[in-house]
Amino acid sequence: MLKDKVAVIYGAGGAIGGAVARAFAREGARLFLTGRRRPPVEAVAREVVAAGGSAEASEVDALDERAVDEHLRIVIDQAGRVDISFNAVGIPGTKILGVPLVELDVEQFSRPITTYATSYFLIARQAARRMVANKSGVILTATTQHSRMGLPLSGGYGPAMAAEEALTRVLSAELAPQGIRVVGLRPQAVPETGTLKEAFEARARVSGMTWEQFQELLASRTHPRRLMTLAEVANVAVFMASDNASGMTGTTVNLTMGSLDD
Ligand SMILES: NC(=O)c1ccc[n+]([C@@H]2O[C@H](COP(=O)([O-])OP(=O)(O)OC[C@H]3O[C@@H](n4cnc5c(N)ncnc54)[C@H](OP(=O)(O)O)[C@@H]3O)[C@@H](O)[C@H]2O)c1
């Protein structure tokens, strides 16, 4: 589905970024994987190459526009173009969740908003500047249902996710006339990820819930009464990045399995 597409993934050493990298490679994409720290990104790249795919690892801070720009220059030099940009940047929930809003420090509130919205903005516009030359490209990001639901003890995380989804719409309105699609994915919680364990730990301190009870509570809100796998998220990412999804732009795909009505 992605044969010979050139894809750049930010936060590729993380759970979602790594899963998307493996799925993109399986479908034939040429990968340029980046992350804040090099070792986890290198581990994913080695895995992709060992499975017969193509991947290069680089250290790129997605909040540093010059670093993003310089890396894309290298991608263009080596591959000639960028077809797909996937934002999987995430920050540890331990630093931003679990504190009631009335007690939340301003820096702790604004950190997710600044980090998520700004990194997505910088990545997207740097990718778009390259994609307009070919009048083609796909910019993707990942958010969560906190964007649209009043979930307690989430601090600035919900506002950050809502900002990303708004940015997806605005980017698409400006870029789609130039052949660039912009699409978000809003997956249900994924138990395989450290992110969900951190979200649990932040709440467990207050609620006394066990890990199993936490997963059961989240699963009970879905129609199939279960949570999502990383492979399921990555498979939708492949489709959205492919030309088969040419009719999708300016929207966030609701992967909450019924937890959140459209
Ligand atoms: N996990 C879930 O259940 C789930 C469900 C729905 C949506 N999502 C969303 O998916 C995204 C990724 O989540 P995840 O679970 O994959 O998180 P994760 O495993 O913590 O991965 C996030 C990655 O982002 C990297 N990163 C952080 N700051 C960066 C920066 N400034 N520049 C470049 N890379 C940076 C991290 O690198 P370091 O480790 O070096 O900091 C890490 O590799 C988030 O937006 C999250 O909200 C997750």
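The values are calculated or read from the model by the stated rules, or taken from the named source; none is laboratory data. Everything numeric here is computed off the predicted structure, so don't read it as measured data. FYI the Cβ positions are ideal-geometry reconstructions off the backbone, even for glycines, and counts take in every protein chain you see. To get the accessible areas, we keep the full protein, side chains included, count just its heavy atoms, and leave off ligands, DNA and RNA. Shrake-Rupley method; radii C 1.70, N 1.55, O 1.52, S 1.80 Å.
Please find, within the stretch 1-15, the residue that is farthest from the ligand (Cβ to nearest atom) out of those that are under 24 Å from Ala189 (Cβ atoms) and either open to solvent by less than 10 Å² (accessible area, probe 1.4 Å) or among the charged types (D, E, K, R) (or both). Even if it seems obvious, please write down each step before you answer.
Going through the stretch 1-15, the residues under 24 Å from Ala189 (Cβ atoms) turn out to be 9-15.
With the extra rule that they be either open to solvent by less than 10 Å² (accessible area, probe 1.4 Å) or among the charged types (D, E, K, R) (or both), the set shrinks to 9-10, 12.
Working: Ile9: 10, Tyr10: 5, Ala12: 7 Å.
So, considering only residues that are under 24 Å from Ala189 (Cβ atoms) and either open to solvent by less than 10 Å² (accessible area, probe 1.4 Å) or among the charged types (D, E, K, R) (or both), the one farthest from the ligand (Cβ to nearest atom) is Ile9.
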Over the stretch 174-186, the set of residues closer than 17 Å to Ala117 by Cβ and open to solvent by 40 Å² or more (accessible area, probe 1.4 Å) is Glu174
Quick one: is Gly258 part of a loop (DSSP other than H, G, I, E, B) and crowded, with 20+ Cβ neighbours inside 10 Å?
-> no
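Answer yes or no as to whether Gly18 is small (Gly, Ala, Ser), in contact with a helix residue (DSSP H, G or I) (Cβ under 8 Å, 6 or more places away or on another chain) and near the ligand (Cβ under 7 Å from one of its atoms).
On the way: small (Gly, Ala, Ser): yes; in contact with a helix residue (DSSP H, G or I) (Cβ under 8 Å, 6 or more places away or on another chain): yes; near the ligand (Cβ under 7 Å from one of its atoms): no.
For Gly18, the condition - small (Gly, Ala, Ser), in contact with a helix residue (DSSP H, G or I) (Cβ under 8 Å, 6 or more places away or on another chain) and near the ligand (Cβ under 7 Å from one of its atoms) - is not met.
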Single match in Val190, Val138 (criterion: assigned to a strand (DSSP E or B) and either in contact with a strand residue (DSSP E or B) (Cβ under 6 Å, 6 or more places away or on another chain) or near the ligand (Cβ under 8 Å from one of its atoms) (or both)) | Val138
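Count, please, the residues in the stretch 75-87 that happen to be open to solvent by less than 90 Å² (accessible area, probe 1.4 Å) and more than 25 Å from Arg186 (Cα to Cα).
First, pick out the residues of the stretch 75-87 that are open to solvent by less than 90 Å² (accessible area, probe 1.4 Å): 75-76, 78-87.
Keeping just the survivors that are more than 25 Å from Arg186 (Cα to Cα) gives 75-76, 78-81.
Qualifying residue count, the stretch 75-87: 6.
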Residue by residue through the stretch 27-77, note down the ones that are out of contact with any helix residue (DSSP H, G or I) (no Cβ under 9 Å at 6 or more places or on another chain) and at positive phi.
-> Gly28
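Could you identify the single residue in Ala67, Ala19 that is of a type outside the set (Phe, Trp, Tyr), modelled with pLDDT of 95 or more and closer than 25 Å to Ala133 by Cα? Quick ask: steps written out before the conclusion?
On the way: Ala19 fails: closer than 25 Å to Ala133 by Cα.
After ruling out the rest, the residue left standing is Ala67.
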So is Ala142 in contact with a Lys or Arg (Cβ under 9 Å, 6 or more places away or on another chain), surrounded by 16 or more Cβ atoms within 10 Å (Cβ to Cβ) and over 21 Å from Val206 (Cβ atoms) or not?
-> yes
Within the group Gly158, Gly150, which residue is within 14 Å of the ligand (Cβ to nearest atom), within 24 Å of Asp261 (Cα to Cα) and not charged (D, E, K, R)?
-> Gly158
Would you check if Thr168 is of a type outside the set (Gly, Ala, Ser), within 16 Å of the ligand (Cβ to nearest atom) and surrounded by 20 or more Cβ atoms within 10 Å (Cβ to Cβ)?
-> yes
If you take the residues in the stretch 241-255 that are hydroxyl-bearing (Ser, Thr, Tyr) and within 15 Å of the chain's Cα centre (by Cα), which one is surrounded by the fewest Cβ atoms within 10 Å (Cβ to Cβ)?
-> Thr251
